[in-house]
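J.: Following this message is one structure expressed as structure tokens.
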Amino acid sequence: MQISASTQNAYTMTQTAELSKSASTTPTVSADTTPQKTDSINKKAYDYFDLGEDISSYVKIDPVQEKTNQELITYLTGIMNNKTPEGKKNLEAFDTSWYAADVAMQKIIASAPRPKLLPDMAQLPYITEQEMEIEKQKTKPYIGDATESGNGLITLCFDDTFNEITEEEEVKLGNEMFKNLYSFSDEFSQTQKFHDLGFEYAKQLNNFYHKAGRSGQSMQEFAGIDAWRTSEVVCNSYSKSEVIEHYTIISDKLKDLVSNNSKGFYDDGTPKGVFTDNYIQKVNDTIHLYDKITADLKEMWGYGNLDVRA
């Protein structure tokens, strides 16, 4: 099974009790009766669901952001697909969801005493695909069960650029991605209604994840490559400059992961490095792809002359 909470652009909603408490301090925004354009590319994302009511009055689509998202999706579609060898290779390399676990593991091993811990940890590159997915789930944000009394959060997770974040930061990130996916206005995202819709959304998303998990397919396969790629873009809703910065940070973090991997062996034959040569090659393939993406986007968008929000 290859279902990943990271590649699914995970969302995290707060407690019902917490929301009720916060509702008293957040403004109530009256529905805007002005007709809004809601036929957005966001609806093509695999995780865009019907929330059970007309949300058009809460939606505010930014035409500049819509154009940026569409251009990025078109570009990524051109280099990633499951039909050509190069497209398949790029598609696999683009997924960085499980590197967060490896970054964390590298830090643990670097500070661990010899010799008991290292030999066991050194087997990490040989774990099965299923075990790898378990590691992903441990270190990435995920949706808690909105119907439970607990918030379902882990105490520490990683964002897309492998930075450790707290529960509070995770909730903020999840809410922002939910807002971006549905193009909700800034004003509406501060209301209780926004959080109510978030709980409805979380239940539908959990149900979708369960079906995907039972399918035995990767999320890309289960949801469809185009729908998965669209979700990856619209949930972040970065400006052109932010897109380039985001991909550059990922490449730099992975370069650190490779350069920090120790070479050689200890006297007892245990390898010093956490990762095998095959694994390092896999990381390098991802680095090469992200460097290519940033170079192509800089050329396409005339980087250096970019407006921050253009």
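J.: Just for segment 263-279: of the residues that are in a helix (DSSP H, G or I) and surrounded by fewer than 16 Cβ atoms within 10 Å (Cβ to Cβ), which one is modelled with the highest pLDDT? Walk me through how you get there before you give the answer.
T.: From segment 263-279, those in a helix (DSSP H, G or I) are 277-279; that's our starting set.
Still in the running and surrounded by fewer than 16 Cβ atoms within 10 Å (Cβ to Cβ): 277-278.
Numbers: Asp277: 81, Asn278: 85.
Out of the qualifying residues, it is Asn278.
J.: Of the residues in segment 233-242, how many are more than 20 Å from Asp95 (Cβ to Cβ) and either assigned to a helix (DSSP H, G or I) or within 10 Å of the chain's Cα centre (by Cα) (or both)?
T.: Selection size over segment 233-242: 3.
J.: Of everything in segment 163-220, what is farther than 17 Å from Phe49 by Cβ, of a type in the set (Asp, Glu), crowded, with 16+ Cβ neighbours inside 10 Å and touching a residue at least 40 places away in the same chain (Cβ under 8 Å)? Give them in sequence order.
T.: Glu170, the sole residue that qualifies.
J.: Against the conditions (1) at pLDDT 95 or above; (2) touching a helix residue (DSSP H, G or I) at 6+ places or on another chain (Cβ under 9 Å); (3) in a loop (DSSP other than H, G, I, E, B), where does Ala10 fall short? Just the number, please.
T.: Result: Ala10 passes all but (1).
J.: Only one of these conditions is not met by Ser20: (1) more than 18 Å from Gly224 (Cα to Cα); (2) at pLDDT 90 or above; (3) of a type in the set (S, T, N, Q). Which number is it?
T.: Among (1) more than 18 Å from Gly224 (Cα to Cα); (2) at pLDDT 90 or above; (3) of a type in the set (S, T, N, Q), the lone unmet condition for Ser20 is (2).
J.: Does segment 57-85 hold any residues that are without any contact (Cβ under 8 Å) to a residue 40 or more places away in the chain and either outside any helix (DSSP H, G or I) or crowded, with 17+ Cβ neighbours inside 10 Å (or both), and which are they?
T.: Filtering segment 57-85 down to residues without any contact (Cβ under 8 Å) to a residue 40 or more places away in the chain leaves 57, 63, 66-67, 70, 74, 78, 83-85.
Result: Ser57, Glu66, Lys83, Thr84.
J.: Checking Tyr238 against (1) under 22 Å from Ser183 (Cα atoms); (2) modelled with pLDDT under 95, which single condition isn't satisfied?
T.: In the conditions (1) under 22 Å from Ser183 (Cα atoms); (2) modelled with pLDDT under 95, Tyr238 misses (2) alone.
J.: Failed condition for Gly52, given (1) surrounded by fewer than 17 Cβ atoms within 10 Å (Cβ to Cβ); (2) modelled with pLDDT of 65 or more; (3) in a helix (DSSP H, G or I), with all others met?
T.: Of everything listed in (1) surrounded by fewer than 17 Cβ atoms within 10 Å (Cβ to Cβ); (2) modelled with pLDDT of 65 or more; (3) in a helix (DSSP H, G or I), Gly52 misses just condition (3).
J.: Quick one: in segment 171-204, which of the residues that are among the basic types (Lys, Arg) and over 19 Å from Asn236 (Cβ atoms) is farthest from the chain's Cα centre (by Cα)?
T.: Narrowing segment 171-204 to residues among the basic types (Lys, Arg): 172, 179, 193, 203.
The next check asks that each one be over 19 Å from Asn236 (Cβ atoms); those that pass are 193, 203.
On the way: Lys193: 25, Lys203: 19 Å.
Selected residue: Lys193.
Residues checked against (1) at pLDDT 95 or above; (2) out of contact with any helix residue (DSSP H, G or I) (no Cβ under 6 Å at 6 or more places or on another chain); (3) assigned to a helix (DSSP H, G or I):
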| position | (1), (2), (3) |
| --- | --- |
| Glu221 | no, yes, yes |
| Ser231 | yes, yes, yes |
| Ile244 | yes, no, yes |
| Tyr247 | yes, no, yes |
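The values are calculated or read from the model by the stated rules, or taken from the named source; none is laboratory data. Note that the structure is a prediction, hence the values are computed from the model and not measured. Every residue, glycine among them, receives a Cβ derived from its backbone with ideal geometry; neighbour counts consider all protein chains shown.
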